[in-house]
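The values are calculated or read from the model by the stated rules, or taken from the named source; none is laboratory data. Quick caveat, the model's predicted, so the values are computed rather than measured. Every residue, glycine among them, receives a Cβ derived from its backbone with ideal geometry; neighbour counts consider all protein chains shown. Please note that ligands, DNA and RNA were not included when accessible areas were found on the heavy atoms of the full protein model with its side chains. Shrake-Rupley method; radii C 1.70, N 1.55, O 1.52, S 1.80 Å.
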Amino acid sequence: MDARGGIGGSLTGLDLRAEIDRLREERNAVILAHYYQKPEIQDLADFVGDSLDLSKKAAATDADVIAFCGVRFMAETAKILSPDKIVVLPDMDAGCSLEDSCPPDKFAAFRAAHPDHIALTYINCSTEVKALSDVIVTSSSAEKILSQIPLDQPIIFGPDKNLGGYLVRKTGREMLLWPGVCIVHERFSETELLKLQLQYPGAPIAAHPECPPYILDHADYVGSTSGILAYADQMPGDTLIVATEPHIIHQMHKAAPLKNFIGAPGADGNCNCNICPYMALNTLEKLYVALRDLTPRIEIEEGLRLQAKKSLDAMLAMASGTVGMGDLGPVRVTGD
């Protein structure tokens, strides 16, 4: 083992931040961090943001290496858009419950059973499912893309039934929904949220559309992570209840340090259960090793990559201006 920690050696005593900075320069690497990452990872990243916006920003750099601190489907999206760059993920076990809910073989069978439908698919899915889809959507682009689909065209929407249901209620457009959910956003409690509203009367609620309808029905703003951040910065008043993964609050405090941001509670009356267990797998130690060893590395067969890229290109052609903009808007939706 050398002074910088050999393969399999201890990292004890290393200045991880300094070593990551050294490797970033040596590898000509760009470090990406999703808003749901731990604050110490957000603070050292070159870019912090939504998954697709991060992949686009990385593609526009001259970096040779992309270190994506997020989950696997995000790193795969970066590889789809930057096939000539090395893409590493600090922990390959950093998956996604929405991706897991939609196995490619079952999605292919579902599509085959509904041959007259086109598939609008939320970006939180595997490369294989992207390749089986017609148009990928993000939480900020979905409504704009949906508005461009002819009214007589049947639609499959997956894998997030909550985002799909939100769009159905908001637009009145019928869609056949795949029954997937995000385990983080499913854990918010309506009862505990109402208690929190009584504790902070008049405080608005901002919610991600991956939340179930019994949470969205109470929201003053529904939008993507970027949209929620913009709302937090611009909203009147000084207190906001936030119904999404709580690590986003780190960026809110940085942008508006005098405001009070409160994570919406889970069923046990606190928000600890709403921390994404997959995002939490990434650590500074794992990021250092990933940059040092250039592994775990994302590899995608070229034919599959090109097929998946078609659905991403379709999204960018229909709604490129929405990427990272969070423009679902301040609309309250009621209904089933």
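List of remarks:
- Just checking the listed ones, Thr127, Thr191, Thr138: in the Gaussian network model of the chain with Cα springs under 10 Å, the one fluctuating most is Thr191.
- With all protein chains kept in place, the per residue accessible area of the stretch 98-183 amounts to 37 square angstrom at a probe of 1.4 angstrom.
- Accessible surface of the chain [probe 1.4 Å, protein heavy atoms]: carbon and sulfur percent: 53 percent
- Under 18 Å from a label point set 7 Å out along the Cα-to-Cβ vector of Thr295, the amide N atoms of the stretch 91-125 belong to 91-94.
- Using a Förster distance of 41 Å, the FRET efficiency for Leu11-Leu151 (Cβ separation, nearest 0.05): 0.10
- Rounded to the nearest 10 Å², the accessible area of Leu11 at probe 1.4 Å: 40 Å²
- GNM flexibility winner over the chain from Asp91, Asp238, Asp134 (Cα, springs under 10 Å): Asp238
- Note on the stretch 125-247: Cα Rg divided by 2.2 N^0.38 Å, N the number of residues, gives 1.14.
- Cα-based reach from Lys259 at 22 Å (exclusive), listing lysines while leaving out same-chain residues under 8 positions away: Lys38, Lys195
- FRET efficiency, 1/(1 + (r/R0)^6) with R0 35 Å, evaluated for Leu194 and Glu174 via beta carbons: 0.70
- Computed accessible area, Arg297, all protein chains, 1.4 angstrom probe, square angstrom: 100 Å²
- Candidates Tyr35, Tyr122, Tyr200, ranked by Gaussian network fluctuation over the chain, Cα under 10 Å, top entry: Tyr200
- Among the listed pairs Lys106/Lys170; Lys106/Lys161; Lys106/Lys310; Lys286/Lys309; Lys56/Lys79, those beyond 19 Å (Cα-Cα): Lys106/Lys170; Lys106/Lys310; Lys286/Lys309
- A simple packing score, the average count of other Cβ atoms within 10 Å per residue, orders the peptides 55-68, 99-112 as 55-68, 99-112, with the highest score first.
- Viscosity 0.890 mPa s, temperature 25 °C, Stokes-Einstein D of the chain from Kirkwood C-alpha radius, µm²/s: 120 µm²/s
- Seen through its C-alpha gyration tensor, with square-root eigenvalues sorted a ≥ b ≥ c, the stretch 1-109 comes out prolate because a/c lies at 1.5 or above while a/b is bigger than b/c.
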